Each structure stands twice: as structure tokens, then as C-alpha cells.
1. Any idea how many residues of segment 296-319 are closer than 14 Å to residue 8 by Cα and either exposed (fewer than 14 other Cβ atoms within 10 Å of the Cβ) or without any contact (Cβ under 8 Å) to a residue 40 or more places away in the chain (or both)?
2. Which of the residues that make up segment 267-295 are surrounded by fewer than 23 Cβ atoms within 10 Å (Cβ to Cβ) and either assigned to a strand (DSSP E or B) or within 26 Å of the chain's Cα centre (by Cα) (or both)?
3. Please give the number of the condition residue 208 fails out of (1) at pLDDT 95 or above; (2) crowded, with 24+ Cβ neighbours inside 10 Å.
4. Return the residue satisfying two criteria in turn: it lies in segment 398-428 and is in a helix (DSSP H, G or I) and of a type in the set (Asp, Glu), and of such residues it is nearest to residue 115 (Cα to Cα).
5. All but one of (1) on the phi < 0 side of the Ramachandran plot; (2) free of Cβ contacts under 8 Å to residues at least 12 places away in the same chain; (3) not in a helix (DSSP H, G or I) hold for residue 368; which doesn't?
6. Checking residue 200 against (1) under 19 Å from residue 359 (Cα atoms); (2) surrounded by 20 or more Cβ atoms within 10 Å (Cβ to Cβ); (3) touching an Asp or Glu at 6+ places or on another chain (Cβ under 7 Å), which test does it fail?
7. Hey, any hits in segment 187-197 for a residue that's surrounded by fewer than 21 Cβ atoms within 10 Å (Cβ to Cβ), more than 18 Å from the chain's Cα centre (by Cα) and in contact (Cβ under 8 Å) with a residue 40 or more places away in the chain?
8. Would you point out the residue of segment 321-337, among those that are within 24 Å of the chain's Cα centre (by Cα) and among the aliphatic types (A, V, I, L, M), that is surrounded by the fewest Cβ atoms within 10 Å (Cβ to Cβ)?
Amino acid sequence: MLNISEDYKKTINELHSSNSGNSEEVKETLTTIQKEVKLNGDAAIQAFSKKFDKVNVEYDLKVSEEELRNAFYHVPDSFVVALKKSIKNITTFHKPQLPHFSPKDLSNYLANATTDIKQSIRYLPIDSAGLYVPGGRAPLPSTILMNAIPAKVAGVEKLIMTTPPQANGKISPQTLVAAKCCGISDIFKVGGAQAIFGMAYGTETIPKIDKIVGPGNIYVTGAKKMVFGEVGIDKLAGPSEVQVFIDNIKYAKYAALEMLAQLEHDPLAIALAVSTDKDTLIAINDAIAFYLPTCKRQDILAKSIKNGKLLLAKSNDDCMTITNHFAPEHLVLLSDTPEKYLNDIRHAGSIFMGPYTPVTLGDFYAGPNHVLPTSGTSRFSSPLGVMDFMKFSSVLQYSKEALKKAEKDLTILTEMEGLDAHFKCVSERLAE
């Protein structure tokens, strides 16, 4: 079913290049949507919803309070209970990411300063954020939690959410319940690139916001790239991916299932297993062949299975080299001693340690965020977190005496760059 390869660089390069999503057709479509949303606002968004999401009725873009209330009657109580446990876990995980002192409290700046020089960092949440939640193939309430909770912990005052409507112009009750449980009431029935442009520029109904976060398809990612600079974005997320490192054949079926769990997300999803033992890789292949026919998303898996790869390495050290080269979104260490490998891993979005820590825990429940860097970008970026919703200002205060002590050095530095007005800002203050 899957080929076993020893050429990791070729394999990884093929996987990453196949998901670039930079076709001219995509770019042309995005440019058209951008222009129309800028010009025609709500009307353009509804027209694109009919075209791309196959909405076949007239509908209000914003979810009403009545729709939010009624959603709770259409989901089982057990769902709400599980959701609230997940919210608690995710909140607990994200709270320690806050800066050590209150964002609006400058007492730290005053207390830890010398007499003549006061300086500090002042952290504040951004004013507004737009949360994009995909929903084309199935409701994704877990993504609402992952987007909203770090924003709430950061203290963002205005949160809005966009998500694709169903053909009947409605949002699934599971999605609405999850949003309400996270304290989000400004919800808009719009998906795809038109949602991103709507939040970036504002329409008659959708407010313009400061930052857009959340995963999406190549059109959503392309639109986020186009609006970056006018608004902030979290990252340019690509299709889901997992790498499994396995050093014990008894966990071969776990490896196979982790691969299938990512491959069922999207036709472009990636799954990679790495081992030093060929028999282990063969066992993974056999397990994939066994479990694949039992999975429900056969239409997706039929396409994504081609992105399942097995790599044979010469040593465990080589396995870690492969990991850092791939820089996976999800990394599963199927080992009874995962901690001995951890220090050698430099690049991974989220790491799952040991045989009883499936990615499913991170995707839904345990606490870490599942909005993660993909396509090798964990080399320079991180999971979505509290600091994605915060910014800081530097705070500086000198006394006249402290400025006098710096005068000579400032003379030299400003003359070196030929910026005499800069030095006049110093000399005129000291002349008084």
C-alpha cells in the first residue's frame, strides 16, 4: 500500500511542494472575491455563499439571539458537559501564557526602576479579533474553543466569529452551542475567502477587526496572506499533517491509526512514519490496510492516502534529524521512553509523548491548542496562544541627570548617522 523510502529529503520536499496551493487559478479567484467584497459588502458575501457553499435560501448574515438559544435544544446534554470540560482544560493550559504582571498595571514599571531611569514592557490585548472556523465537511466546535479561549484569556474585548452556512442558511447547533459556551455572540454565516475579506475590510453587517485567526483551506489561507498588513493574522496554515516516530513494533497499529486520523481531514493531508526497523514499517503498512476500509471518510482517504509515507532511518539520531527537517505540525513519539528524544527535537508544532497520548487528546480536549504551524513552518512559528492576541509597548522615562550622562554617547551616535536634529532634541533639553 505505502512505499518504504530511505531518501527523507526527497520524500519531505515532495510532500511540502504538493501542498503549496499557489496556482494562478486560486490567485485569480481570490482577487475577484476581494474586489467584490470591497465594493459590494454584504451583497457580494451572500452571492459567494450561494456560489461556493450552495446556500439556496435568503438568510441573515448574522446569527440571531434566538438561533443561539434554540441551538441548546438540538444537542444532547452530554455534549455540553464534555464541551465544558474541554473548555476548562484548554483555559487551564493557556492561562500561564499570560505575562507575569497585569497588562494594564504599570506598578512593575515603577517598582523595578532606578531613580533616574524607568523602563519596562507594557502588555495589552488587541481590541478585536475575528475567529475563522471551517465547516465545509463537518461542524468543528473544537476549533471554536481553540480560537476563542486564548483570546478570552488575553482579554480581547471584541470577538466575532465567521463560519460557513449550510445549504439552508443555518449554522449547525453544535457550532452555535460551542460559540455560546465560549462567550461569543457575534457570529456570522460566511465562510471561505469572502469571510476573511469581510472581516479585514468590514461590510454593512460584519465589523472590521484587527486580527484574523483560525485554520482554513487554500482559499482561506490565500486570503489571509492578501490582507496581512491591513490586519494581523496568526499564520498561513496548510493541510493537516502528522509525523510518527516509533521505536517498538508493538505500537505499529497505533502509528497506523495516527496516520489515518490525519489523512481523514483533507485530501491534501500528510502522514509520515519514521523508524529504524523495516519490520515495524511493514507492520504499520499492514495495519493501515486493515483499518482503512473501516473508516467512514473513504472519499477523502482515497485521495490523501497517497500522502502517507514510510521512512526507514539508519539510527534514532537520524530519526530526530528527519523530524527537524520535516518540522511537523503534530509529532507522535510512540516509545516507552519518549523523554530521551525530546531534547533532540527542535521543530514541531505539538508533541505527543508515549503510547497513550494520541493526537485526539490535543485536537479536542486536553488543553494544548490545535491551531498549529504546518508545512515546515514550526521552524519559525508556534501554536496559537495567548500572545497571538496581545501586543506590547516599550515604556521609557529618563531624568534630566540621566539624559546628561548619555549626552556624549548620543553626540557620537547621531553624528555618525548625520541626524543632527536628533541631537538637538537632547541638547536643547539640557540647555534649559
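1. 3
2. Those that are surrounded by fewer than 23 Cβ atoms within 10 Å (Cβ to Cβ) and either assigned to a strand (DSSP E or B) or within 26 Å of the chain's Cα centre (by Cα) (or both): 267, 268.
3. For residue 208, the failing item is (2).
4. Across segment 398-428, the extreme among qualifying residues is 401.
5. The failed condition is (2).
6. Residue 200 satisfies all of (1) under 19 Å from residue 359 (Cα atoms); (2) surrounded by 20 or more Cβ atoms within 10 Å (Cβ to Cβ); (3) touching an Asp or Glu at 6+ places or on another chain (Cβ under 7 Å) except (1).
7. No, segment 187-197 contains no residue that is surrounded by fewer than 21 Cβ atoms within 10 Å (Cβ to Cβ), more than 18 Å from the chain's Cα centre (by Cα) and in contact (Cβ under 8 Å) with a residue 40 or more places away in the chain.
8. It comes out as 322.
The values are calculated or read from the model by the stated rules, or taken from the named source; none is laboratory data. It should be emphasised that the depicted structure is a prediction, and the values quoted were computed from it without experimental measurement. Using ideal geometry, Cβ is built from the backbone for each residue, glycine included, and neighbour counts are taken over all protein chains shown.
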